[in-house]
Amino acid sequence: MPFVEDAIEELVRQYIEHPYAHRVEHSLHAEFYRILTGHPHLSRRYPLGTTGYRTGLVHKEWPETVPRPDKAGRRGNFDIVILAPTQLAAISSIDQFTRGEIAAPIVIELGLGYGETHLTGDVIKLRTSRVHHPYLVHFSHVRSRRHAATETAVMKVQPPLQVAYVRHDPGAKTIYIKHLADTTIKTT
């Protein structure tokens, strides 16, 4: 999805240049939402079936399509999803939308300062729900010796999942970068 990948790469560029622009992950989510909804296709409102209501395509905290086994039958939430206009047009009731019963075709999980366990959990979340276009974006500027495990996990991710990764090492003044299309983590 070129417009999604362009938005992810814009967020990567911003993080490379300004790693402390976002102290917490929620701020990063808000910035990514802003970037996405700046795209003309994603800034419009679309009909919710024949309800007379309209909504956007980009949503935050959208329920997972399939509950993970460790959630005891409950659905967690995806960080950011993009729905299709045809999905919204096909809903049979407003409840279907408000309960999040539409399988999001595009899902982006964002992480800031997490380690390998969180990253692996996001991979499981995306695979369990069988998302058609899954993306994982992971940033870090935390000093830790666990980055080797995190970076190994990043490199083990298999398609269709795509990963962008940036780690600033403040002590060494080195930046570790993996763009969506990269097959390795590079340093600057």
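Observations
- Partner aspartates and glutamates for K71 [C-alpha distance under 20 Å; skip if fewer than 8 residues away on the same chain]: E61, D79, E101, E109, E116, D122
- Across segment 1-122, the fraction of Cα-Cα pairs farther apart than 18 Å, rounded to a whole number, is 57%.
- Residue-averaged [θ]222 nm for the chain, counting only DSSP H segments that reach four residues, each worth -39500 (n - 2.57): -10000 deg cm²/dmol
- For segment 36-48, the Karplus equation 6.51 cos²θ - 1.76 cosθ + 1.60, evaluated at θ = phi - 60°, returns couplings of 4, 6, x, 6, x, 5, 8, 8, 7, 9, 10, x, 9 Hz by residue, with Gly and Pro reported as x.
- Ordering of 22-28, 170-176 by burial proxy (mean other Cβ atoms within 10 Å per residue, highest first): 22-28, 170-176
- Magnitude of the charge dipole, the chain, Cβ model with Lys/Arg +1 and Asp/Glu -1, debye to 20: 280
- Taking 19 Å as the cut-off, the amide N atoms of segment 134-164 that come nearer than this to a point 7 Å along the Cα-to-beta-carbon line of V66 belong to 134-136, 157-162.
- For segment 60-82, the residues whose amide N sits under 13 Å from a probe point set 7 Å from the Cα of R130 along the beta carbon direction are 65-67.
- Comparing T184, V142, Y33 along the charge dipole axis of the chain, the residue lying farthest to the positive side is V142, per the Cβ-charge model.
- Neighbour counting of Cβ atoms within 10 Å sorts the residues I106, I185, I94, fewest neighbours leading, into I94, I185, I106.
- Proximal charge balance of K156 [Cβ under 14 Å; K/R count +1, D/E count -1]: -1
Just so you know, all these numbers are worked out from the coordinates, no wet-lab data involved. What you see is a predicted model; the values in this text were computed from it and never measured. So basically every Cβ, Gly included, is an ideal-geometry build from the backbone, and we count neighbours across all protein chains shown.
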